[in-house]
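Trainee: Starting off with a structure, shown below.
The values are calculated or read from the model by the stated rules, or taken from the named source; none is laboratory data. Owing to the predicted nature of the structure, the values given are computational and were not obtained by experimental measurement. For neighbour counting, all protein chains shown are included, and Cβ atoms are generated from backbone atoms with ideal geometry for every residue, glycine included.
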């Protein structure tokens, strides 16, 4: 069964450093998403991406964040200068035309 | 924007009993309501979903009901098993907000053997 994959599973970084979280969506999907989940809290929407551009973003997704689909398979989330409060699980999701979103296993980001 | 509320935050049931988790939403334009199960250290996994043109959907031991008038939807798990223990999230997709999901706060379900 096709699935969304994410790398790395755990990323530790120093405050102020740049991180890139990587995702490989399900191959025939066209819509891609990033979500964040701070420990013990709800899953929060960050951004959606379609047709090589951002279609929607939340207020969390400020200028420190960017997304890219550098090739036909990867979808990345970059945080330019990490802050302590960026520590969270980051989930990538993808969907086809039906709208059902399938989530990856997540990347745990720890900012020290 | 959409606001999704979920209750209860924790739920403990004896194995074999039923569990019910309820969510309310605020945006009448929301038209798709999935339920996700999240096990420790894993990403949310879709377990069942319902669209606004349907009032109820069932898949083996899991069912979801939707009341559009009252703007609430519920997850029902019957004959619970220990492996049902997880955090369950409801979500709503608003037709007026692209494909952005709004998640509930989650329910930690514990099934006691």
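Trainee: Against the condition more than 22 Å from residue A:93 (Cα to Cα), within 14 Å of chain A (Cβ to nearest Cβ) and touching a residue at least 24 places away in the same chain (Cβ under 8 Å), how does residue B:10 come out, does it pass?
Mentor: Yes: the conditions hold for residue B:10.
Trainee: A further question follows. Against the conditions (1) under 30 Å from residue A:108 (Cβ atoms); (2) in a strand (DSSP E or B); (3) without any contact (Cβ under 8 Å) to a residue 40 or more places away in the chain; (4) more than 9 Å from chain A (Cβ to nearest Cβ), where does residue B:49 fall short? Just the number, please.
Mentor: Result: residue B:49 passes all but (4).
Trainee: Return the residues of segment A:32-51 that are closer than 15 Å to residue A:107 by Cβ and either assigned to a loop (DSSP other than H, G, I, E, B) or touching a helix residue (DSSP H, G or I) at 6+ places or on another chain (Cβ under 6 Å) (or both); say none if nothing qualifies.
Mentor: If the condition is that a residue be closer than 15 Å to residue A:107 by Cβ and either assigned to a loop (DSSP other than H, G, I, E, B) or touching a helix residue (DSSP H, G or I) at 6+ places or on another chain (Cβ under 6 Å) (or both), then A:38, A:39 are the ones that fit.
Quick grid of which residues meet (1) over 21 Å from residue A:95 (Cβ atoms); (2) free of Cβ contacts under 8 Å to residues at least 12 places away in the same chain; (3) away from chain B (no Cβ under 11 Å):
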residue	(1), (2), (3)
A:5	no, no, no
A:14	yes, no, yes
A:26	no, no, yes
A:52	no, no, yes
A:64	yes, no, yes
A:75	no, no, yes
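Trainee: State all residues of segment B:62-113 that are without any contact (Cβ under 8 Å) to a residue 40 or more places away in the chain, outside any loop (DSSP other than H, G, I, E, B) and within 14 Å of another protein chain (Cβ to nearest Cβ); if no residue qualifies, say none.
Mentor: B:64
Trainee: Filter segment A:34-45 down to the residues that are more than 10 Å from every other protein chain (Cβ to nearest Cβ) and crowded, with 18+ Cβ neighbours inside 10 Å and list them by number.
Mentor: A:34, A:36
Trainee: Working only within segment A:2-17, note down all residues that are closer than 30 Å to residue A:28 by Cα and not in a loop (DSSP other than H, G, I, E, B).
Mentor: Within segment A:2-17, A:5, A:6, A:7, A:10, A:11 qualify.
Trainee: Does residue A:98 meet the test of being more than 14 Å from the chain's Cα centre (by Cα), part of a loop (DSSP other than H, G, I, E, B), on the phi > 0 side of the Ramachandran plot and exposed (fewer than 13 other Cβ atoms within 10 Å of the Cβ)?
Mentor: No; evaluated as a whole, the condition is false for this residue.
Trainee: Return the residue satisfying two criteria in turn: it lies in segment A:36-45 and is without any contact (Cβ under 8 Å) to a residue 40 or more places away in the chain and touching a strand residue (DSSP E or B) at 6+ places or on another chain (Cβ under 9 Å), and of such residues it is farthest from residue B:6 (Cα to Cα).
Mentor: A:45
Trainee: Answer with yes or no whether residue B:57 is assigned to a strand (DSSP E or B) and either touching a helix residue (DSSP H, G or I) at 6+ places or on another chain (Cβ under 6 Å) or over 25 Å from residue A:105 (Cβ atoms) (or both).
Mentor: yes
Trainee: Name every residue in segment A:102-112 that is within 13 Å of the chain's Cα centre (by Cα) and either in a loop (DSSP other than H, G, I, E, B) or modelled with pLDDT under 95 (or both), in order of residue number.
Mentor: A:102, A:103, A:104, A:105, A:106
Trainee: Quick one: in segment B:24-46, which of the residues that are without any contact (Cβ under 8 Å) to a residue 40 or more places away in the chain and assigned to a strand (DSSP E or B) is nearest to the chain's Cα centre (by Cα)?
Mentor: Per the stated criteria, the residue is B:46.
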